[in-house]
Structures are given as C-alpha cells and as structure tokens.
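Below: the structure, in structure tokens.
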Amino acid sequence: MCIRIAVVDDLPTIATWDPDEVTILVDRGTHPHDLIRELHAILTIDLGAPYVPGAGLACFCGERVPLPRELAIPAALAGAPHL
C-alpha cells in the first residue's frame with residue numbers, strides 16, 4: 001500500500017506521519033517549499049523511501065506519492081530547484 005497525503009486544518013506541525021492510516025497529514029496553507037522539504041524528510045529519513053533526484057516524492061515501496069489537488073504548486077513555483 002502506498003502512502004497517502006491528506007490536508008488538514010490546525011496541525012501543530014507542517015506535516016506528521018500517521019502510521020495507523022498510512023497517511024502523512026499536512027497543514028493547510030503551508031508554503032509549498034517548506035511542505036516539499038518536510039514531506040521529503042519524512043519519506044526518506046523516517047520511512048526509508050528511496051531518494052532519486054528530480055523524481056518527485058516516492059513511497060518506501062518505490063511508487064510515486066502524488067500531492068492532493070489542494071496542494072497543487074502554483075505555476076510560478078513549478079520551476080523551483082528539485083530536492
């Protein structure tokens with residue numbers, strides 16, 4: 001099962017891992033750069049996902065982890081450097 005990302009309100013941190021739901025909860029309204037860095041750290045450091053530069057976010061099973069629509073990064077930020 002691949003990891004799911006869910007957007008919630010009033011989370012005390014940018015993102016947190018919920019192992020019971022196999023979900024990473026993210027705080028609505030977080031700046032996209034901060035969010036991507038935090039998601040990358042949770043996936044690679046905490047969960048052991050592979051790090052492939054420029055490939056986006058990956059689950060520990062190797063599958064791509066898509067962002068929910070409400071987290072879509074504005075076009076002006078799309079050219080930001082990859083992690």
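Would you please name the residue that is modelled with the lowest pLDDT, looking only at residues in the range 1-19 that are of a type in the set (Val, Ile, Thr) and open to solvent by less than 30 Å² (accessible area, probe 1.4 Å)?
Initially, the range 1-19 is screened for residues of a type in the set (Val, Ile, Thr), giving 3, 5, 7-8, 13-14, 16.
Within this subset, residues satisfying the condition of being open to solvent by less than 30 Å² (accessible area, probe 1.4 Å) are 3, 5, 7.
Values: ILE3: 85, ILE5: 90, VAL7: 92.
Looking at the filtered set, the residue picked out is ILE3.
The set of residues in the range 16-70 that are among the polar types (S, T, N, Q) and under 13 Å from ILE5 (Cα atoms) comprises THR16, THR23.
Within the range 1-56, the residues that satisfy the criterion of being in contact with a Pro (Cβ under 8 Å, 6 or more places away or on another chain) and in contact (Cβ under 8 Å) with a residue 24 or more places away in the chain are ILE5, ALA6, VAL7, PRO32. If you go through the range 20-35 and keep only what is within 14 Å of CYS59 (Cα to Cα) and either in contact with a helix residue (DSSP H, G or I) (Cβ under 9 Å, 6 or more places away or on another chain) or at pLDDT below 90 (or both), you end up with VAL22, ILE24.
Using the structure shown, decide if LEU83 is surrounded by 12 or more Cβ atoms within 10 Å (Cβ to Cβ), modelled with pLDDT under 90 and in contact with a helix residue (DSSP H, G or I) (Cβ under 7 Å, 6 or more places away or on another chain). Judged against the criteria, LEU83 is a match.
Could you tell me whether ARG28 is in contact with a strand residue (DSSP E or B) (Cβ under 7 Å, 6 or more places away or on another chain), open to solvent by 50 Å² or more (accessible area, probe 1.4 Å) and not β-branched (Val, Ile, Thr)?
Details: in contact with a strand residue (DSSP E or B) (Cβ under 7 Å, 6 or more places away or on another chain): yes; open to solvent by 50 Å² or more (accessible area, probe 1.4 Å): yes; not β-branched (Val, Ile, Thr): yes.
It is true that ARG28 is in contact with a strand residue (DSSP E or B) (Cβ under 7 Å, 6 or more places away or on another chain), open to solvent by 50 Å² or more (accessible area, probe 1.4 Å) and not β-branched (Val, Ile, Thr).
Annotation: of all residues in the range 48-61 being touching a strand residue (DSSP E or B) at 6+ places or on another chain (Cβ under 7 Å) and open to solvent by 40 Å² or more (accessible area, probe 1.4 Å), the one that is modelled with the highest pLDDT is PRO50. Within the range 19-45, can you find the residues that are among the charged types (D, E, K, R) and over 13 Å from the mean Cα position of the chain (by Cα)? Those that are among the charged types (D, E, K, R) and over 13 Å from the mean Cα position of the chain (by Cα): ASP20, GLU21.
The values are calculated or read from the model by the stated rules, or taken from the named source; none is laboratory data. Given the structure is predicted, the values throughout are model-derived calculations rather than measurements. Cβ: placed from backbone, ideal geometry, glycine included. Neighbour counts: every protein chain shown. Surface areas here come from the heavy atoms of the whole protein model, side chains and all, with no ligands, DNA or RNA. Shrake-Rupley method; radii C 1.70, N 1.55, O 1.52, S 1.80 Å.
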